[in-house]
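Contents: one structure, followed by commentary.
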Amino acid sequence: MNVDHERAMVRAFFAPEKRARCLSLLSTVRGRRKLVSNLAHLDALDARFARRLDPRDQDVDEIERQLKERGAPVLCYVISENPSLDLRRMKLSEALQATVGSGMGTFISCSAGRLAYFEGEEPGSRYICERRIPGG
């Protein structure tokens, strides 16, 4: 488990009013399990930093292209209610193949606290989450 990576994701992409609770959940194994099990219906994204993908841009290749365009590296860290993906470092392309359309809440973190992909359970619930460094 990469606790620092997960905390950076929560601080960057979760709404301010939800952050403290989510960070608290990450502090225990049981709490993390609860947070991850609720990813399918996550209502904590900060709309300032999470952009819902247009329906025409929701296929694996286009999502990967957009993430790479924003600086995504080859390897990413996955936080998912899918136990076969959760807590894994894997190739971005493989993580997207396993996630897009799966119906399982998943964060694919490309750069801790800077760039991620989130997919919830609902059709079309696909987001690119990005926080830019000022001047960068």
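When Ser84 is evaluated against the numbered criteria (1) out of contact with any Ser or Thr (no Cβ under 7 Å at 6 or more places or on another chain); (2) in a loop (DSSP other than H, G, I, E, B); (3) under 21 Å from Ala12 (Cα atoms), which criterion, by number, is the only one it fails?
Every listed condition holds for Ser84 apart from (3).
Among (1) surrounded by fewer than 20 Cβ atoms within 10 Å (Cβ to Cβ); (2) more than 22 Å from Gly31 (Cβ to Cβ), which single condition is Ala98 missing?
(1)
Quick check, is Ala116 among the aliphatic types (A, V, I, L, M), within 14 Å of the chain's Cα centre (by Cα) and either modelled with pLDDT under 95 or closer than 18 Å to Val36 by Cα (or both)?
yes
So, Thr99, is that one closer than 20 Å to Asp4 by Cα and at pLDDT 95 or above or not?
No, not satisfied.
Given Gly124, Gly71, which one is farther than 24 Å from Arg7 by Cβ and either without any contact (Cβ under 8 Å) to a residue 40 or more places away in the chain or more than 14 Å from the chain's Cα centre (by Cα) (or both)?
Gly124 is the lone residue from the list that is farther than 24 Å from Arg7 by Cβ and either without any contact (Cβ under 8 Å) to a residue 40 or more places away in the chain or more than 14 Å from the chain's Cα centre (by Cα) (or both).
The values are calculated or read from the model by the stated rules, or taken from the named source; none is laboratory data. Owing to the predicted nature of the structure, the values given are computational and were not obtained by experimental measurement. We place every Cβ from the backbone using ideal geometry, glycine too, and count neighbours over all the protein chains shown.
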